[in-house]
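To keep things clear, I will list the structure first and then write my remarks on it.
The values are calculated or read from the model by the stated rules, or taken from the named source; none is laboratory data. Every value quoted in this text rests on a predicted model; they were computed, and no experiment measured them. Ideal geometry is used to build each Cβ from the backbone, glycine not excepted, and the neighbour counts take in all protein chains shown. Areas reflect the complete protein model, heavy atoms only, side chains present, ligands, DNA and RNA absent. Shrake-Rupley method; radii C 1.70, N 1.55, O 1.52, S 1.80 Å.
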Amino acid sequence: MRFFAKRQSLLYLCIATILLLAACGPGTATPTPGGTTGRGFALDWYVESSGSDSNNCSDPSSPCQSLRGAFTKIYNEERDLADEYPDLLGVNHTVHVGPGTFTSSMAGSLVNMSGWTVSIIGSGSSATILDGTGTLGGVLVNSGGDVTIRGLTVQNTIRASASGCIDVRSDYDVLVEDVILQNCFRSGLSHSGD
């Protein structure tokens with residue numbers, strides 16, 4: 001009889017625990033900027049020709065004016081997150097670029113992606129144009145993470161830190177979709193990783 005009473009008490013305790021958990025519902029995660037991914041944080045950045053690089057650039061209503069401005073924010077955010085979360089596995093950045101022609105320089109190139117998992121998403125290959133104006137190199141992918149370049153045109157590049165319109169020097173995955181490459185120094189797309 002005593003054995004049966006212990007089993008019955010344990011059964012009631014299990015049922016009570018299950019009912020309590022069901023009544024409370026699923027736990028909620030602490031919200032993070034842009035959401036979370038399996039690797040860590042996911043952050044969105046915005047660039048519009050009418051924006052300002054002094055904006056926070058993390059909201060569509062407060063975009064940067066240049067890719068340089070957005071990548072400066074990415075650099076600062078990466079540094080701050082590394083200090084705050086030393087065990088963070090990574091940050092996935094997405095830079096949404098509106099329609100227009102963008103010409104700002106980053107170390108002699110239109111874009112220099114070094115060390116980050118980042119996507120540059122334009123508004124379409126005929127709407128978003130990264131123009132080297134015959135004075136800048138193209139997009140340098142020397143990354144420590146996966147890269148996506150989608151929906152834009154890269155044009156009028158010279159020899160600089162990037163050797164073509166898109167110069168990939170990375171062993172990570174690089175996805176290029178709906179991209180027009182024209183009037184590029186040496187090549188439209190070059191790859192020197194493994």
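Observations on the structure shown:
- Some residue of the stretch 9-16 being over 19 Å from T128 (Cβ atoms), of a type outside the set (A, V, I, L, M, F, W, C), modelled with pLDDT under 80 and in a helix (DSSP H, G or I): yes
- Candidates D167, D178, D131 - the one that is open to solvent by less than 40 Å² (accessible area, probe 1.4 Å), under 27 Å from P60 (Cβ atoms) and of a type in the set (D, E, K, R): D131
- The set of residues from the stretch 126-145 being in a loop (DSSP other than H, G, I, E, B) and more than 22 Å from L43 (Cβ to Cβ) comprises S126, A127, G132, T133, G134, T135, L136.
- For the stretch 138-188, a tally of residues being of a type in the set (G, A, S) and modelled with pLDDT of 80 or more returns 2.
- Tabulated pairs, the stretch 80-105, first farther than 19 Å from S58 by Cα, second in a strand (DSSP E or B) and open to solvent by less than 30 Å² (accessible area, probe 1.4 Å), C-beta under 6 angstrom, 6+ apart or interchain: L88/G40; L89/G40; T101/D131; T103/D131
- Applying the criterion of being at pLDDT 75 or above and open to solvent by 40 Å² or more (accessible area, probe 1.4 Å) to the residues of the stretch 87-116, the residue that is nearest to the chain's Cα centre (by Cα) is H96.
- Checked against (1) outside any strand (DSSP E or B); (2) crowded, with 21+ Cβ neighbours inside 10 Å, S123 passes all but condition (2).
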